[in-house]
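The values are calculated or read from the model by the stated rules, or taken from the named source; none is laboratory data. Quick caveat: nothing in here was measured; it's all calculated off a predicted structure. In this analysis, Cβ positions are derived from the backbone assuming ideal geometry, glycine residues included, and neighbour counts consider all displayed protein chains. In case anyone asks, the SASA skips ligands and DNA or RNA and just uses the protein heavy atoms, side chains included. Shrake-Rupley method; radii C 1.70, N 1.55, O 1.52, S 1.80 Å.
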Amino acid sequence: NETEIKSGKLFLAEQSLAADKSQVATTSRNNTLRELLSQIKHYSEKTRIKAINGLIELIREHPSEARPNAAEIVAATAPLASDPDKACRDAFVTFLRSALFPAIGLESIQPFLAFMMAHTCSAMTHLSAAVRDSGIDTINVLLEFRPDLVGEGYFAEISQHY
């Protein structure tokens, strides 16, 4: 029997602990916006909750990060409206109410409302009653900030689900 040994180079991407984050907004746990948005999609609900809380902290401490990254933030977080875990759904509602919407401003909510409503309506038609109930919480936040847009564009759809 002959044994053949081959070797090659292994290239590793820069790890986040070694990266220089001095020019980037970070949380107290040294997480950047990009890192938090990727953690939002994690399979573990504890990781998702930590990521949402990190986003709340980051946007409250660095509100200027919210508006230029709003599309990416909304795209990553809107699916949490129908997250299987209640704590994640509750954290999402808190995130919208206390961090994202105040940081981007009332006028900047409009371009994202259709996307947010698609995920909210998905929650309102979910098989789980708990997820359906949480859909109401998301609708309430949207109504707090932009009742005009929600009322004129989505009233029929919302009333159809309830």
Crossing angle, helix 110-124 versus the chain [Cα axis fit, 0-90 degrees, rounded to tens]: 90 degrees
MRE, 222 nm, helices only [DSSP H, n ≥ 4, -39500 (n - 2.57), over the chain, to nearest 500]: -17500 deg cm²/dmol
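Can you give the charge dipole size of the chain about its Cα centre, rounded to the nearest 20 debye, using +1 on the beta carbon of Lys and Arg and -1 on the beta carbon of Asp and Glu?
Working: 16 positive and 20 negative charges, 58 e Å.
In debye, rounded to 20, the chain gives about 280.
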Accessible-area order (highest first, 1.4 angstrom probe) of the listed residues 155, 112: 155, 112
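Give me the extension gain from residue 152 to residue 72: residue separation times 0.36 nm, minus the current Cα-Cα distance, reported in nm with one decimal. Could the numbers behind the result be given before it?
Numbers: separation 80, 0.36 × 80 = 28.80 nm, distance 2.58 nm.
So the chain would gain 26.2 nm between residue 152 and residue 72.
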Dimensionless Rg ratio for segment 67-162, taking C-alpha atoms and the 2.2 N^0.38 Å reference: 0.98
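Taking only protein heavy atoms and a 1.4 Å probe, what accessible area per residue, in Å², does the chain have with all protein chains in place? Intermediate results must be reported in sequence, preceding the final value.
Working: 9670 Å² over 162 residues.
Heavy-atom accessible area per residue stands at 60 Å².
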Cβ-derived FRET efficiency at R0 30 Å, residue 122 paired with residue 64, nearest 0.05: 0.45
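Give the ranking of 2, 35 by solvent-accessible surface, highest area first, calculated with a 1.4 Å probe. Intermediate values should be presented prior to the final figure.
Numbers: 2 185, 35 35 Å².
Solvent-accessible surface, decreasing: 2, 35.
Any idea how many Lys pairs in the chain come in under 22 angstrom at the alpha carbon, given 8 or more places apart or on separate chains? Before the final figure, lay out each step's value.
Details: 21/50; 41/50; 41/86; 46/86; 50/86.
Lysine pairs satisfying the spacing and distance rule in the chain number 5.
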Two-site label geometry, residue 130 and residue 7: point separation in nm, points 7 Å out along Cα→Cβ: 5.4 nm
Share of carbon and sulfur in the accessible heavy-atom surface of the chain [1.4 Å probe, %]: 53 percent
Percentage relative contact order, the chain, counting C-alpha pairs under 8 Å, at least six apart: 18 percent
Dipole of the chain, positive direction: furthest Cα of 80, 24, 91, with charges on the beta-carbon: 24
Using alpha-carbon coordinates, inclination of helix 147-161 to the longest axis of the chain, degrees: 90 degrees
Degrees, to the nearest 10: 129-145 long Cα axis against longest axis of the chain: 70 degrees
Distance in nm between pseudo-label sites at residue 90 and residue 108 (7 Å out along the Cβ direction from Cα): 2.8 nm
